């Protein structure tokens, strides 16, 4: 498998050097990173690796992706420079836009859904908290049981800043901060905010999106309560006939971890649709926050805001939320 990665490395350097457009770059990133079969196989088999193998493969994959991103950025800069030079050689067209002074404003669909979610969790005793969008690696990764060579750092490829900080890859960075600040044995909190991934933009992926993260700490914060909260939450969003299916999964910061699928008549009938992840907070996360895992325990839930909105209103392209498409926004007018 290591030989396969080295072979991929040789191939992507040639392909990136020969790329002529941003569309070609997107296809290459999908081919060598996002949908690469070798990386997918390593991620699938990671849980079965020995500690030494985890460290070895984690570093190899991380180095591979770092090199790819370096070459990718070089190719993007080269293409951008070429495009600017070509545009300067063409005639500049000055155009104007007629503004409709009678048009009215209305709430963006994501803000409408945020309000619904805020009302639900506030009603159930959860306090809204905030956490930094520009985050340290410590709170974005380390304190969530995602070590330096953990493959999850590759899966959550993010934007690194010059001072070593990152644009957070998940709103779960609030978890450790909530745990550190709590003074008793009980707390209930939630957050809604932007997260960032160095991803290709397509109908189901975007380089930024919003994530809702819920944390519940206390003697009664068990899987049974988590199931009840999720059932009520999904009914609040999708209607009383929604059904939930829980199945095992893996997240570094929860153990056990679960994926949740839903189905309802509103969502098309019989098919199960994956919607969110959840689980009991991992003991290591509790320890790293300075708390005793024998006394402090609870559950966490994470779900994408855009994911819920797309399912709720039948939206097929996540980019509509961000590209100021007036036709789309006019269609969505009145949903609140």
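No value in this document is a laboratory result; all are computed from the given coordinates. Everything numeric here is computed off the predicted structure, so don't read it as measured data. Cβ placement follows ideal geometry from the backbone for every residue including glycine, while neighbour counts extend to all protein chains displayed.
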Could you list the residues of the range 116-130 with an amide nitrogen less than 12 Å from a label point located 7 Å from the Cα of residue 181 in the Cα-to-C-beta direction?
127-130
Counting alpha carbon pairs within less than 8 Å and at least 6 residues apart, what relative contact order, in whole percent, applies to the chain?
15
Debye-sum result for the chain in log10 I(q)/I(0), which assumes one identical scatterer on each alpha carbon, at q = 0.07, 0.09, 0.14 Å⁻¹
-0.35, -0.58, -1.27
Computed E for residue 70/residue 294 - FRET, C-beta separation, R0 56 angstrom, nearest 0.05:
0.80
Once both label points are put 7 Å beyond Cα along the C-beta direction, the residue 43-residue 133 separation in nm becomes 2.5
Pick from 249, 131, 21: which residue has the top mean-square fluctuation in a GNM of the chain where Cα pairs under 10 Å get a spring?
21
With Rg and the Kirkwood Rh both taken from Cα atoms, where does Rg over Rh land for the range 133-273?
0.99
The range 2-88 - Debye-derived log10 I(q)/I(0), Cα point model, q = 0.21, 0.23 Å⁻¹:
-0.96, -1.09
For the range 177-255, divide the Cα radius of gyration by the Kirkwood radius and give the resulting Rg/Rh value with two decimals.
1.01
Treating the Cα atoms of the range 236-288 as identical point scatterers in vacuum, please give the log10 of the normalised Debye intensity I(q)/I(0) at q = 0.16 Å⁻¹, two decimals.
-0.54
Over all directions, how big on average is the projection of the convex hull of the alpha-carbon atoms in the range 1-51, in square nanometres?
3.9
For the range 283-336, diffusion coefficient by Stokes-Einstein and Kirkwood Rh (Cα), 20 °C, 1.002 mPa s, µm²/s:
148
At a Förster radius of 25 Å, what calculated FRET efficiency corresponds to the Cβ-Cβ distance of residue 333 and residue 240, to the nearest 0.05?
0.40
Report the extension gain between residue 13 and residue 220 in nm, rounded to one decimal, defined as 0.36 nm multiplied by the number of residues separating them, less their alpha carbon distance.
69.2 nm
Under the 0.36 nm per residue contour assumption, what length would be gained going from the current alpha-carbon distance of residue 207 and residue 283 to full extension?
24.3 nm
Rounded to a whole number, the Stokes-Einstein D of the range 132-207 in µm²/s (Kirkwood radius over Cα pairs; 25 °C; 0.890 mPa s) is 182
Please find the FRET efficiency linking residue 232 to residue 325, where r is the Cβ-Cβ separation and R0 is fixed at 30 Å, and quote it to the nearest 0.05.
0.35
Highest-MSF residue in the chain out of 192, 315, 215 [GNM, Cα springs under 10 Å]
315
